[in-house]
1. Here is a list: Arg73, Arg51. Which entry is touching a Phe, Trp or Tyr at 6+ places or on another chain (Cβ under 9 Å) and surrounded by 15 or more Cβ atoms within 10 Å (Cβ to Cβ)?
2. May I ask you to verify whether Thr15 is out of contact with any strand residue (DSSP E or B) (no Cβ under 8 Å at 6 or more places or on another chain), part of a loop (DSSP other than H, G, I, E, B) and either exposed (fewer than 10 other Cβ atoms within 10 Å of the Cβ) or touching a residue at least 24 places away in the same chain (Cβ under 8 Å) (or both)?
3. Out of the stretch 71-96, which residues are in a strand (DSSP E or B), among the charged types (D, E, K, R) and free of Cβ contacts under 8 Å to residues at least 12 places away in the same chain?
4. Here are Ser68, Ser26, Ser59: which of them is in a helix (DSSP H, G or I) and of a type in the set (Gly, Ala, Ser)?
5. Collect the residues in the stretch 24-43 that are closer than 14 Å to Ile58 by Cβ, of a type outside the set (Gly, Ala, Ser) and either in contact with a Lys or Arg (Cβ under 8 Å, 6 or more places away or on another chain) or open to solvent by less than 80 Å² (accessible area, probe 1.4 Å) (or both), keeping them in residue-number order.
6. Might you let me know whether the stretch 81-96 holds any residue that is touching a helix residue (DSSP H, G or I) at 6+ places or on another chain (Cβ under 6 Å) and over 20 Å from Gly24 (Cα atoms)?
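The values are calculated or read from the model by the stated rules, or taken from the named source; none is laboratory data. Just so we're clear, the structure is a prediction, and the values are computed from it rather than from any experiment. We place every Cβ from the backbone using ideal geometry, glycine too, and count neighbours over all the protein chains shown. Ligands, DNA and RNA are excluded from the accessible area calculation, which covers all protein heavy atoms including side chains. Shrake-Rupley method; radii C 1.70, N 1.55, O 1.52, S 1.80 Å.
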Amino acid sequence: MGSGGGLYNIPLGGTCIKMDFAIGGSGSTYIYGLVDNIMAEQTPRTAEEARVMVKKCISHAMARDGSSGGIIRTVTVMETDNFRDYTPGDKLPFGP
């Protein structure tokens, strides 16, 4: 109780692993270096900073992966509420 938020990754084997961040999906291989760089320079401290970082990374992956969609939907899960956000393709923070 009171330990703050956490992130867990559950890979195909079903093991629940606590991590600093998790990346998945068809475009994920394109952005590991970008995420490592961002996390090393300045780990996001707020939900808004994290959302901006996630959108930047996802849009980079989408620009390189032909299987990725053209929009970004995020959900920030917080103790008191959930914040849903939609970014259409013409408002992506990065594109080809």
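1. Every option except Arg51 fails the conditions.
2. Working: out of contact with any strand residue (DSSP E or B) (no Cβ under 8 Å at 6 or more places or on another chain): yes; part of a loop (DSSP other than H, G, I, E, B): yes; either exposed (fewer than 10 other Cβ atoms within 10 Å of the Cβ) or touching a residue at least 24 places away in the same chain (Cβ under 8 Å) (or both): yes.
Considered against the rule, which asks whether it is out of contact with any strand residue (DSSP E or B) (no Cβ under 8 Å at 6 or more places or on another chain), part of a loop (DSSP other than H, G, I, E, B) and either exposed (fewer than 10 other Cβ atoms within 10 Å of the Cβ) or touching a residue at least 24 places away in the same chain (Cβ under 8 Å) (or both), Thr15 comes out as yes.
3. Selection gives Arg84 alone.
4. Values: Ser68 fails: in a helix (DSSP H, G or I); Ser26 fails: in a helix (DSSP H, G or I).
Unique residue meeting the criteria: Ser59.
5. Within the stretch 24-43, Tyr30, Ile31, Leu34, Val35, Ile38 meet the criteria.
6. yes
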